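Student: I'd like to ask you about the structure that follows.
The values are calculated or read from the model by the stated rules, or taken from the named source; none is laboratory data. Worth saying up front: this structure is predicted, and the values here are computed from it rather than measured. Every residue, glycine as well, gets a Cβ built from its backbone with ideal geometry; the counts of neighbours run over all protein chains shown. Areas reflect the complete protein model, heavy atoms only, side chains present, ligands, DNA and RNA absent. Shrake-Rupley method; radii C 1.70, N 1.55, O 1.52, S 1.80 Å.
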Amino acid sequence: MNDRYRGNSQPIPLVPIKVRPTLKGRRPDPQALAEVQALLGNESRRRDLLIEHLHKIQDHYGCLSDRHLVALAHEMKLAMSEVYEVATFYHHFDVVKDGEDAPPAITVRVCESLSCEMAGANELLAKLPQILGKEVRVLRAPCVGRCETAPVAVVGQNPVPHATVEKVQKLVQEKAVKHGSGSHPDLKIITPGHIGFDEYVKNGGYKLIKDCLEGHVDRETVIAKMEHSGLRGLGGAGFPAGRKWRIVSSQPEPRLMAVNIDEGEPGTFKDRYYLERDPHRFLEGMLVAAWAVGIAEVYIYLRDEYHGCREILQQELKNLTEKADFPLPPIQLRRGAGAYICGEESAMIESIEGKRGEPRLRPPYVAEVGLFGRPTLEHNMETLFWVRDIQEKGPEWFSSHGRHGRKGLRSFSVSGRVKKPGVHLAPAGITIKELIEEYCGGMQDGHTFYGYLPGGASGGILPASMGDIPLDFDTLNEYGCFIGSAAVVVLSDKDSAKMAARNIMRFFADESCGQCTPCRVGTAKAVKLMEAEKWDQELLKELSTAMMDASICGLGQAAPNPVLCVMKYFPNELA
């Protein structure tokens, strides 16, 4: 360039550029770096393993200190902001800044979701801090997926079913002696025993996938059976499973698979129930789906609250890998970190990639652009659990079940005021009255049926007078409700629908990822309005409309359902 364009007649002297030997920012403490390197060992430092590595530090040290976060960022060649924003997003990571005290060695989480509140969780939360003292941290926790044994506390990683102050205190004392911070769960407390690899194979297990791999069955036949069975996704959305297989199989390779076991909907625990008892039936269904769709790699995303299930899956995946006499695709087991939003498929994919669990805008859909930008078959665990039965018994076997004009089977997670809470496998289309009387042993003594949540926290609330509606996909839509994952919470005359809706809205406010304003601000504002003695119904309706119309994902879109149902079906409580 001519010098005159520089504004002077003299050449500009060249200044040598200094190259930084390290990334700009805070340099890692040598000891902290050595500690992180020792924990990670020879494991990959890939970006998508960030959450897994954060868990290693949290489990070992009981918290995530600034010095360890800086060291981890250095080790993984990430910006400190990337590590910090992920660590602070998830509930189960305790980030401790310089100068702050680490949390106590033992943490007790008391579930405060609806079924547990009805069973006395608030009394536990009031008494435990005084009795356990400052050496134990007592926290309110969202649903931990054990609603049939409400109220539930979790000491370290050990759940306490039907929790009492005495039970929790005893376990805290035992853990203080045996387990310290409790990073290694006592499996005997968590699981009832399950069918292992050898027993599963002895009873005909893995014959189906071997037939597929050996060419005795073709892909078209397998996919057609899934389509004809009428099986729909059992995570809540209800998309036809066979159609999803066909759509994803038509996408370009490589194709990936993501299995959603982030069962965080309050009232839902069916996935845990099946995993604790028959994990290989799910794993074989997963392998058949992977073969039929042409999947290159499988990722299983398991919620962090299910420590016992993680131990089972780790052991049984090891057995499968070592003992299977047929080829397996690469299978990755990924651990959630306490975020309800990661039950949404795209948020789960973000979390598997080691990021904040924030839903993606769609289109494109995950079937086209999903995990690591590849076409992805996303399925709920229970959907895959039924694959073997449908293939071996025929699609007519599944569709032959049903009541009131509906077809199929549903696993109802039932909690609340019934004598026999738990997972009840019943015909699709059964009514709540039939479910209570035929499967749940009736109402608890001294309780009269008052209302019910047909689909967990998101599915709305209906009065007992509307107890003859078939429970299935699409049958509840006209009433402002849906069945979702079939999480049924039964209310009695000792309960209040107004109380239930307020509990649920607090949950949504806590669990909103904060990405979109209608959900982030709307849920928090709704809680304040619902805590007033007299509800401003017009403002709540206006707020609900904004949330339903403008929220990015199903959390904000469905959060108003309970409050709208209370105003519509329980006007006597608002008078």
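Student: Any residue in region 220-236 that's part of a helix (DSSP H, G or I) and of a type in the set (Gly, Ala, Ser): show its pairings with residues that are modelled with pLDDT of 95 or more and open to solvent by less than 20 Å² (accessible area, probe 1.4 Å) at Cβ separation under 6 Å, as long as the two are six or more apart or on different chains.
Tutor: The qualifying pairs are Ser229/Ile390; Ser229/Pro395; Ser229/Phe398.
Student: Here is a further query. Could you tell me which residue of region 56-65 is least open to solvent (accessible area, probe 1.4 Å), considering only residues that are touching a strand residue (DSSP E or B) at 6+ places or on another chain (Cβ under 7 Å) and assigned to a helix (DSSP H, G or I)?
Tutor: Looking at the filtered set, the residue picked out is Ile57.
Student: When both residues are 6+ apart or on different chains and their Cβ atoms are under 8 Å apart, which pairs have a first residue that lies in region 365-391 and is farther than 24 Å from Ser229 by Cα, and a second that is open to solvent by 10 Å² or more (accessible area, probe 1.4 Å) and of a type in the set (S, T, N, Q)?
Tutor: Glu368/Gln251; Pro375/Gln251
Student: Looking at Gly336, is it buried (at least 21 other Cβ atoms within 10 Å of the Cβ) and modelled with pLDDT under 95?
Tutor: Criteria not met by Gly336.
Student: OK, next. Please go through region 528-554 and pick out each residue that is part of a helix (DSSP H, G or I), open to solvent by less than 40 Å² (accessible area, probe 1.4 Å) and closer than 17 Å to Glu573 by Cβ.
Tutor: Leu529, Met530, Leu540
Student: Does Val566 satisfy the condition of being touching a Lys or Arg at 6+ places or on another chain (Cβ under 8 Å) and either without any contact (Cβ under 8 Å) to a residue 60 or more places away in the chain or not in a loop (DSSP other than H, G, I, E, B) (or both)?
Tutor: yes
Student: While we're on this one: Output yes when any residue across region 436-456 is open to solvent by 40 Å² or more (accessible area, probe 1.4 Å) and within 19 Å of Gly484 (Cα to Cα), and no when none is.
Tutor: no
Student: Further question: May I ask you to list pairs of residues, at least six apart or on different chains, whose Cβ atoms are under 6 Å apart, with the first in region 466-480 being over 14 Å from Pro427 (Cα atoms) and the second being of a type in the set (Phe, Trp, Tyr) and surrounded by 15 or more Cβ atoms within 10 Å (Cβ to Cβ)?
Tutor: As it stands, the answer is Leu476/Phe482, since those pairs meet every condition given.
Student: Also, quick follow-up: If you check every pair at least six apart or on different chains, which have Cβ atoms under 8 Å apart with a residue in region 300-325 that is without any contact (Cβ under 8 Å) to a residue 40 or more places away in the chain and among the charged types (D, E, K, R) first and a residue that is open to solvent by 10 Å² or more (accessible area, probe 1.4 Å) and not in a helix (DSSP H, G or I) second?
Tutor: So the pair list comes out as Arg310/Leu333; Arg310/Arg335.
Student: Could you check how many residues of region 276-302 are under 14 Å from the mean Cα position of the chain (by Cα) and either among the hydrophobic types (A, V, I, L, M, F, W, C) or open to solvent by 10 Å² or more (accessible area, probe 1.4 Å) (or both)?
Tutor: Of the residues in that region, 2 qualify.
Student: Give the residues of region 489-523 that are under 16 Å from Val563 (Cα atoms), among the charged types (D, E, K, R) and either free of Cβ contacts under 8 Å to residues at least 12 places away in the same chain or assigned to a helix (DSSP H, G or I) (or both), sorted by residue number.
Tutor: Result: Lys498, Arg502, Arg506.
Yes/no per residue for (1) touching a strand residue (DSSP E or B) at 6+ places or on another chain (Cβ under 8 Å); (2) at pLDDT below 95; (3) open to solvent by 20 Å² or more (accessible area, probe 1.4 Å); (4) not aliphatic (A, V, I, L, M):
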| site | (1), (2), (3), (4) |
| --- | --- |
| Ala126 | no, no, yes, no |
| Leu139 | yes, no, yes, no |
| Val144 | yes, no, no, no |
| Pro151 | yes, no, no, yes |
| Val155 | yes, yes, no, no |
| His162 | no, no, yes, yes |
| Lys170 | no, yes, yes, yes |
| Val177 | no, yes, yes, no |
